[in-house]
Amino acid sequence: MLLDKRQQFQRVADYFARLEAGQTAIRGFNPYETPAAFASTLESHLFRILRQRIDAARAKELLAIRVQQEPIAAVLGAEHMGEKISAAVDAIAAEARVSDGEADREATIELALSSLAEGRTAEAKGVLAEILQRKAAESRSSAQAAAEAARHLGTLAMLDDTLEALAAFRRSAELDPSDTSIWIHVAQLEWQRGDLDAAAAAAQRAKLEAELKGVERDVKVANDELGDILFDQGDLRAASKCYRDAFAIIERLTKIDPGNREWQRDLSISYNNIGDVFRNQGNLAQALDSYKASLAIRERIAKEDPGNANGQRGLSVSHNNIGDALRDQGKLAQALDSYKASLIIRERLAQADPANAKWQRDLAVSHKKIGDALRNLKDLAHALDSYSASLIIRERLAQADPGNARRQRDLAVSHSNIGNVLRQQGRLAEALDSYKVSLAIRQRLVQADVRNAKWQRDLSVSHDRIGDVLQDQGNLTQALESYRASLAIRERLAQADPGNAKWQRDLSISHDRIGDMLRQQCNVAAALDSYRTSLSIAERLAATEPQNAEWQHDLSVSHNKIGDVLKDQGNLAQALDSYHASLAIAQRLADADPGNAGWQYDVALSLGRIGLIGAANGDREGALRVWRRGLAIMQRLTALAPDHAGFAETKAWFEARIAEISD
């Protein structure tokens, strides 16, 4: 285009050169009186076009980097998001070509482009909002153009303001409800805002529109999105179905075209999602298999394209997931190695692009996970360092986007993590302060959206943490009040959604906590009532899903707690029955998953309790027999995980008990 303009200029300039000196142009041929006037106007026009193109190119390059930070890029793909950003910039640039010589409008558009080139989106969003208003006011045939303008506006707003972006995509969905990607955007933004019901409804609509169009990959994406939301809501069964439906689609597509890198990436996401379900069910061996399958795919993708930042991030996610499963198995040193492998990748990404909020959040998550592993290893000083590093990042992110509820929640989690370490260090007053900061954030989130069950659950957790510290301080009355405040929230959640297994399990845990407190206050009858209420819930859950190892474990714990109270009451025969019921469940779990150190540890704990009853009944040989079994288990576990402080302490306990009654 620029070349054509310069050729045109040369032809007109040659015409002027042929005129006699001092003679003006023939009127009607062109509007310019002299060659100089023509040259000045044309050059100004050319420079303006060139400047607009340079600004647009710079804006696209800069915003393509910034879009990497958005969570939705992980769902729709960074390349796809980059295309949407480019389309938004092009839409603004196109307005310059149809501005009909309006000087003020041309200046506004040029300012929008130059601001975008410097990373500022406010002026550009203003231009897009004006386009949206104009198109929406025109005939019905302009609805699609208006929806496109709203999409562009939402895409740019996502970089700065969650709520503004949500409003724009909601408007786009009204104007063009058949667009699957719009509904995925709405679902993601509602999830970020914390409204899981609205997010689920948007994901369902995305799935419906994708199915109507017959676009399988979009159906897969919508299933994944809906599964994530259901998972957050605690509906593991429904989430698992969504994830498996998504897996079936992408497995079929990858068989058709195994060289399609995007589909391979989608397959790795499906393996991770299914692994998450297995892990939350306590089926850690199957979870680990799924996570390793995902890692293998992501390693191939990263090797083929080592410069791709999203490929590297996917690799870091797989390392973290494997670390989670290993930590749950009690393999803390191996888990820490996986977390550190993830951290190395994320530090590289964050250093290469410090302004990228997504990389920064990932870095905070890695520091948090390393802190978790170090805390389990009783390396409390270094755990506190890791949690503090995570908190610093999350504070910056929360300040940058105060309307982003997800970032506020991350901040609350960091304060709670720090409180956990301080409590273990015996710094109870400081721990209580940290828990109260977390509580205040969660109260604000609940007040902003009282319907949000996830925020309500978080609030119940904060009450539990504060109760833990008050209990440690010997303030049993106030501790019981905190636990009951948590129970009240969980009862409301369970009553509002009786079919939600997560809420039912939380309710069971609350009754256990209150039982623990009542037992400490020597109110053993009331404690027994609480434990039996917890047991009844655990039995219902275990019966509805017998393959859920975590729920079976909960049932085992409930039997042990009831046995403890019966023992306190001197009812040794019934206590022994409860301990044997617990042992039977723990043994089944350990036999089904021999590599799970946690299940093996549960067997040892039950054996320890049974031995105490035998010793109290004068059955010295029986007590020695079960304690030696328990000690053998702990010797194997400490050999596998020599840095695990809890294993070492329990091994020492068995050795002491055996020494007490040995000849």
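The values are calculated or read from the model by the stated rules, or taken from the named source; none is laboratory data. What you see is a predicted model; the values in this text were computed from it and never measured. Backbone-built Cβ (ideal geometry, glycine too); neighbour counts: all protein chains shown. Calculation scope for accessible area: heavy atoms of the full protein, side chains included, ligands and nucleic acids excluded. Shrake-Rupley method; radii C 1.70, N 1.55, O 1.52, S 1.80 Å.
Points to keep in mind about this one:
- The lone exception for LEU612 - which of (1) modelled with pLDDT of 95 or more; (2) not in a helix (DSSP H, G or I) it fails: (2)
- Taking first residues from the stretch 216-241 that are aromatic (Phe, Trp, Tyr) and partners that are open to solvent by 20 Å² or more (accessible area, probe 1.4 Å) and in a helix (DSSP H, G or I), the Cβ contacts under 7 Å between residues at least 6 apart in sequence or on separate chains come to PHE231/ASP276.
- Residues being outside any helix (DSSP H, G or I) and open to solvent by less than 20 Å² (accessible area, probe 1.4 Å) - total across the stretch 391-435: 2
- Checking each residue in the stretch 640-659 for being small (Gly, Ala, Ser), under 35 Å from the mean Cα position of the chain (by Cα) and closer than 28 Å to ALA615 by Cα picks out ALA645, GLY646, ALA648.
- Condition met for ILE256 (at pLDDT 95 or above and over 30 Å from LEU541 (Cα atoms)): no
- Hits in the stretch 209-254 (condition: in a helix (DSSP H, G or I), over 23 Å from GLY499 (Cβ atoms) and open to solvent by 30 Å² or more (accessible area, probe 1.4 Å)): GLU211, LEU212, LYS213, GLU216, ARG217, ASP218, PHE247, ALA248, GLU251, ARG252
- Lone unmet requirement of (1) surrounded by 14 or more Cβ atoms within 10 Å (Cβ to Cβ); (2) in contact (Cβ under 8 Å) with a residue 40 or more places away in the chain for ALA645: (1)
- The set of residues in the stretch 616-628 that are under 20 Å from ILE562 (Cβ atoms) and either open to solvent by 30 Å² or more (accessible area, probe 1.4 Å) or at pLDDT below 95 (or both) comprises ALA616, ASN617.
- Of the residues making up the stretch 320-347, those that are without any contact (Cβ under 8 Å) to a residue 40 or more places away in the chain and within 15 Å of VAL365 (Cβ to Cβ) are ILE322, ALA335, SER338, TYR339, LYS340, ALA341, SER342, LEU343, ILE344, ILE345, ARG346, GLU347.
- Flag for ALA604 being over 39 Å from the mean Cα position of the chain (by Cα) and closer than 16 Å to ASP564 by Cα: no
- Some residue of the stretch 382-390 being open to solvent by 50 Å² or more (accessible area, probe 1.4 Å) and not aliphatic (A, V, I, L, M): yes
- Count - residues of the stretch 591-628 that are farther than 22 Å from GLY330 by Cβ and out of contact with any Phe, Trp or Tyr (no Cβ under 8 Å at 6 or more places or on another chain): 13
- Matching residues in the stretch 547-588 - criterion: being under 9 Å from SER606 (Cβ atoms), open to solvent by 40 Å² or more (accessible area, probe 1.4 Å) and touching a helix residue (DSSP H, G or I) at 6+ places or on another chain (Cβ under 6 Å): GLN587
- Test result for ARG348, open to solvent by 30 Å² or more (accessible area, probe 1.4 Å) and within 23 Å of TRP263 (Cα to Cα): no
- Every pair of residues 6+ apart whose Cβ atoms lie under 7 Å, when the first sits in the stretch 469-491 and is closer than 23 Å to ILE537 by Cα and assigned to a helix (DSSP H, G or I) while the second is of a type in the set (Lys, Arg) and open to solvent by 10 Å² or more (accessible area, probe 1.4 Å): TYR483/ARG513
- Filter pass, LEU631 being touching an Asp or Glu at 6+ places or on another chain (Cβ under 7 Å), part of a helix (DSSP H, G or I), modelled with pLDDT of 95 or more and closer than 28 Å to GLN334 by Cβ: yes
- Scoring GLY595 on the criteria (1) of a type outside the set (Ser, Thr, Tyr); (2) over 27 Å from GLY622 (Cα atoms); (3) in a helix (DSSP H, G or I) leaves a single failure, condition (3).
- Checking ASP197 against (1) buried (at least 21 other Cβ atoms within 10 Å of the Cβ); (2) closer than 27 Å to LEU411 by Cβ, the condition it does not meet: (1)
- Of the residues making up the stretch 641-663, those that are in contact with a Ser or Thr (Cβ under 8 Å, 6 or more places away or on another chain), part of a helix (DSSP H, G or I) and not aromatic (Phe, Trp, Tyr) are ALA648, LYS651.
- Any hit, the stretch 331-338, residues being within 19 Å of the chain's Cα centre (by Cα), more than 19 Å from PHE247 (Cα to Cα) and crowded, with 19+ Cβ neighbours inside 10 Å: yes
- Scanning the stretch 490-500 for residues that are over 23 Å from ALA239 (Cβ atoms) and modelled with pLDDT of 95 or more turns up at least one hit.
- Of residues in the stretch 488-506 being open to solvent by 20 Å² or more (accessible area, probe 1.4 Å), over 23 Å from the mean Cα position of the chain (by Cα) and not charged (D, E, K, R), the one nearest to SER240 (Cα to Cα): GLY499
- Every residue from the stretch 507-535 that is surrounded by 19 or more Cβ atoms within 10 Å (Cβ to Cβ) and more than 15 Å from TYR483 (Cα to Cα): LEU528, LEU535
- Note on the stretch 465-487: among residues that are closer than 27 Å to LEU196 by Cα and surrounded by 20 or more Cβ atoms within 10 Å (Cβ to Cβ), the one that is nearest to the chain's Cα centre (by Cα) is ARG465.
- Scope the stretch 336-359; condition assigned to a helix (DSSP H, G or I), modelled with pLDDT under 95 and over 16 Å from ALA302 (Cβ atoms); matching residues: ALA350, GLN351, ALA357, LYS358
- Sole exception among (1) within 29 Å of PRO546 (Cβ to Cβ); (2) under 21 Å from the mean Cα position of the chain (by Cα); (3) modelled with pLDDT under 95; (4) not in a loop (DSSP other than H, G, I, E, B) for GLN286, by number: (2)
- Only residues that are open to solvent by 30 Å² or more (accessible area, probe 1.4 Å) and more than 21 Å from PRO546 (Cβ to Cβ) were counted across the stretch 265-283, and they come to 3.
- Total residues in the stretch 436-445, condition open to solvent by less than 30 Å² (accessible area, probe 1.4 Å) and under 25 Å from HIS382 (Cβ atoms): 1
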